Amino acid sequence: MDNEPILLDSVRMARFVARGSLRLDAVVPADLNAEALTVLAQEVPPVPYGTPLARAYAPDSFPARLLAVPQVAGALRSLVGPGPLVDHHAVHVREPRGGDAQPLHADAIIDVRPDAFDVQLMYYPQEVTLEMGGTLSVPGSHLRRTNETDTGRYQNLRGQDRLVCPAGTVVFVHHGLWHGGRRNDSDTTRYMFKIRFNPTVRQRLLWDTSDLHDPRVRAELDVHFPWYEQATGRLERYNRALLWRELTGDPDFDLDHWVTRVSNRPQEATA
Amino acid sequence: MTADPRTDTAPAPVLRQQVLVLYLSTSALDSEVLGWSRYDGTGRTSPTTGDGAEPPYGTGLDALKDGWRLIQAAQLLPPHPGHEYDVSFLKHEFFLERIERIERVEDPRTGA
């Protein structure tokens with residue numbers, strides 16, 4: 001088996017920039033998923049904040065083998081580059097018919113870095129049904145400048161994603177994405193393993209860029225989400241264009257002239 | 001002597017507030033519903049995060065037609081200078097209420 005990381009292409013990277021998340025369905029093998037249910041039930045020993053990934057987990061440990069899955073390793077490298085730091089990790093357990101839904105939130109504290117981002121890996125070792133209360137997330141919410149649970153008043157937004165997925169699914173989310181664990185209304189305990197990563201290199205062209213000029217890249221970046229207000233939806237495109245400029249180093253990239261138009265301040269006098 | 005109807009044995013109606021928060025596409029109350037939250041003072045339902053896929057009404061006006069009463073609308077505030085292109089909270093938030101009659105009062109602290 002070829003264990004080389006499988007990098008994201010530009011279309012998938014653009015999807016991440018627009019949605020604030022990237023979903024890899026059933027990429028983790030069944031034997032690792034089965035092992036995970038035992039490992040996660042016993043917790044995973046914590047690592048100090050900011051531990052280099054290479055030193056965070058023993059090579060034969062469960063987290064190390066999860067992160068070696070080629071699609072997982074490739075997505076992580078595409079998003080934050082080589083040698084990231086492990087910010088922290090956590091096992092989330094939703095007991096059967098127990099607990100409340102989390103309020104909608106972004107993790108940590110408000111984080112408005114325009115040219116860098118952390119990612120969080122969310123791994124689901126078992127099939128997640130709607131009843132099991134999979135993670136709720138709001139596509140395209142990651143660039144909104146809000147602080148943690150200040151968004152808790154929002155219960156439902158059109159186009160929200162109530163995760164339903166096959167076993168072995170991994171989702172990478174941008175640090176700003178609004179999300180929350182839903183109430184588990186099933187008879188099955190639900191597990192999720194989360195690891196937050198901090199980049200240590202500039203996040204520029206770290207993915208497979210051979211399709212950088214594919215028209216689907218622009219289409220992904222220009223997507224509209226149903227919960228966007230009419231006017232603010234335009235600002236979302238503006239901010240996405242700026243992020244894509246940072247990630248590609250292309251200072252002229254734009255979507256429908258949104259950035260270019262309002263940056264135009266000619267200084268030349270008439271002849 | 002005539003009986004005072006106010007001192008009759010029939011219990012006074014017990015009223016509780018239900019709150020519906022709608023997030024609309026523009027500042028107009030008749031624009032499209034994009035988000036919604038509910039709080040039920042009767043205790044009959046327990047709305048929570050992520051419990052629905054479809055909005056209860058198509059527009060804010062549709063909620064009025066169904067008996068909800070508007071009690072607060074978000075102000076229209078100009079962007080803070082230098083932050084005109086920032087995105088943050090949903091802008092067009094409308095609070096509505098409905099008063100419901102309930103039969104029996106439970107102590108919210110004990111549930112009894």
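Since every read-out is calculated from the coordinates, none of them should be taken as a lab result. Just so we're clear, the structure is a prediction, and the values are computed from it rather than from any experiment. No Cβ is skipped: glycine too gets one built from the backbone with ideal geometry, and neighbour counts run over all protein chains shown.
If I model a spin label as a point 7 Å beyond the Cα along the Cα-Cβ vector, how far apart are those points for B:ILE102 and A:ASP187 in nm?
3.2
Which residue, A:HIS142, A:GLY81, A:THR189, has the largest displacement toward the positive end of the dipole of chain A when charges sit on each Cβ (Lys, Arg +1; Asp, Glu -1)?
Of A:HIS142, A:GLY81, A:THR189, it is A:HIS142.
Could you list A:PHE193, A:PHE117 in order of exposure, starting from the residue whose Cβ has the fewest other Cβ atoms within 10 Å?
A:PHE193, A:PHE117
Taking 7 Å along the Cα-to-C-beta vector as the label spot, tell me the A:VAL93-A:ALA108 distance in nanometres, rounded to one decimal.
Result for the modelled spin labels: 2.7 nm.
Taking the Cβ-Cβ separation of B:GLN17 and A:VAL164 as r and a Förster radius of 41 Å, what is the calculated FRET efficiency to the nearest 0.05?
0.75
Mind putting a number on the dipole of the stretch A:10-198 about its Cα centre? Charges go on the C-beta only, +1 for Lys and Arg and -1 for Asp and Glu, and I need it in Debye to the nearest 20.
For the stretch A:10-198, the charge dipole is close to 580 debye.
Any idea how far the Cα center of the stretch A:187-238 sits from the one of the stretch B:25-58, in Å?
Result: 27 Å between the Cα centres.
Running a GNM on chain A with Cα contacts under 10 Å, which residue among A:PHE16, A:PHE62, A:PHE197 ends up with the highest mean-square fluctuation?
It is A:PHE62.
Order by neighbour count: A:TYR124, A:TYR238, fewest other Cβ atoms within 10 Å first, most last. Walk me through the numbers before you get to the answer.
Working: A:TYR124 26, A:TYR238 19.
Starting with the residue having the fewest Cβ neighbours, the order is A:TYR238, A:TYR124.
Select from A:PRO5, A:ALA54, A:SER21 the residue farthest towards the positive end of the dipole of the stretch A:1-75; place +1 on Cβ of Lys and Arg, -1 on Cβ of Asp and Glu, and compute about the Cα centre.
A:SER21
Calculate the radius of gyration of the Cα atoms of the protein assembly as shown to one decimal place, then report Dmax, the largest Cα-Cα distance, as a whole number, both in Å.
24.5, 102
Can you tell me the dipole magnitude for the protein assembly as shown around its Cα centre, using point charges on the Cβ only (Lys, Arg +1; Asp, Glu -1), in Debye to the nearest 20?
440
Figure the gain on full extension for B:ALA28 and B:HIS80 (residue separation times 0.36 nm, minus the Cα-Cα span) and round it to one decimal in nm.
Gain in length upon complete extension: 16.5 nm.
In the stretch A:22-120, which trypsin sites (Lys or Arg not before Pro) are in a loop and have at most 14 other Cβ atoms within 10 Å, using DSSP for the loop call?
A:ARG97
Calculated from DSSP H runs of 4 or more alone, at -39500 (n - 2.57) each and per residue, what is the 222 nm mean residue ellipticity of chain A, nearest 500?
So the calculated ellipticity at 222 nm is -7500 deg cm²/dmol.
Other chains near B:38-51: what is the mean number of their Cβ atoms within 10 Å of each residue's Cβ?
For this peptide, the per-residue mean of nearby foreign Cβ atoms is 5.
Taking every residue in A:229-241, how many Cβ atoms of other protein chains lie within 10 Å of its Cβ, on average?
4
Let's test the formula: R0 of 30 Å, r as the Cβ-Cβ distance of B:TYR39 and A:VAL223. What FRET efficiency results, to the nearest 0.05?
Calculated value: 0.40.
In what sequence do B:LEU70, B:LEU76 fall when counting other Cβ within 10 Å, fewest first?
B:LEU76, B:LEU70
For the stretch A:10-128, rounded, prolate or oblate, judged on the Cα gyration tensor with a ≥ b ≥ c (square roots of eigenvalues), a/c < 1.5 rounded, else prolate if a/b > b/c?
Details: a/c = 1.35, a/b = 1.16, b/c = 1.16.
The shape class here is rounded.
Among A:VAL128, A:VAL259, A:VAL11, whose mean-square fluctuation peaks in a Gaussian network model of chain A (Cα, cutoff 10 Å)?
Result for chain A, Cα springs under 10 Å: A:VAL259 fluctuates most.
Restrict the search to the stretch A:202-271; then list the GluC sites (Glu not before Pro) that DSSP places in a loop and that have at most 14 other Cβ atoms within 10 Å of their Cβ.
Values: sites: A:GLU220, A:GLU229, A:GLU236, A:GLU246, A:GLU268; in loops: A:GLU229, A:GLU268.
Taking the stretch A:202-271 and a limit of 14 other Cβ atoms within 10 Å, the loop GluC sites (Glu not before Pro) found are A:GLU268.
If you count, for every residue in A:172-181, the Cβ atoms of partner chains within 10 Å of its Cβ, what is the mean?
Averaged over the peptide's residues, the number is 1.
Determine the dipole magnitude for the stretch B:14-102: charges of +1 sit on the beta-carbon of Lys and Arg, -1 on that of Asp and Glu, nothing else is charged, the reference point is the Cα centre, and the result goes in debye to the nearest 20.
440
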